[in-house]
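Derivation of every value follows stated rules applied to the coordinates shown; laboratory data play no part. Remember, predicted model here, so these are calculated numbers, not experimental data. Ideal geometry is used to build each Cβ from the backbone, glycine not excepted, and the neighbour counts take in all protein chains shown.
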Amino acid sequence: MTLPISKHRLWQVAVDAALIAAAWYLAFQLRFDKGVPIYYRTLFERSVGIVIVVQLVTFVCFGFYNRWWRYVSTRDMWGAARGVAVACVLSSLVLYFANLVPEVGLPRPTCPAWTRSAPRRGTSSPTARRSSSWGRATPAI
């Protein structure tokens, strides 16, 4: 049986796994100001392995470990962006349907950016107002 990646690329998979785990940990730490509540800590401990596996399998399927990233094109970067987006969506869906801690859902900021509501006109957030006015001329104040 052959692996879809070469044995020389296993270190890259290990580094990606560590970065995924670190990003998942930081998402939970940054979400709560006064420490992670115990039920969300339980959710983190039960979900981190699943997130790593789902995202690494998605990366392998998108061919992240098949090419030399030294010679990368814009097309390759768009492929990488699609792969990361699909990995985030898949890991969120798997965690949603796995229901690891029945009384607790995923905290909102730990979900990928596509789950956040789009900025609407009339919101009070300065970031939302700025991002909703991109591409239009804004009056000088």
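With a ≥ b ≥ c the root eigenvalues of the C-alpha gyration tensor of the range 1-93, is it rounded (a/c under 1.5), prolate (a/b larger than b/c) or oblate?
Verdict is prolate for the range 1-93.
Let's test the formula: R0 of 25 Å, r as the Cβ-Cβ distance of Leu100 and His8. What FRET efficiency results, to the nearest 0.05?
Between Leu100 and His8 the formula returns 0.10.
Considering only the other residues whose Cβ falls under 15 Å of the Cβ of Leu56, what net charge follows from Lys and Arg at +1 and Asp and Glu at -1?
0
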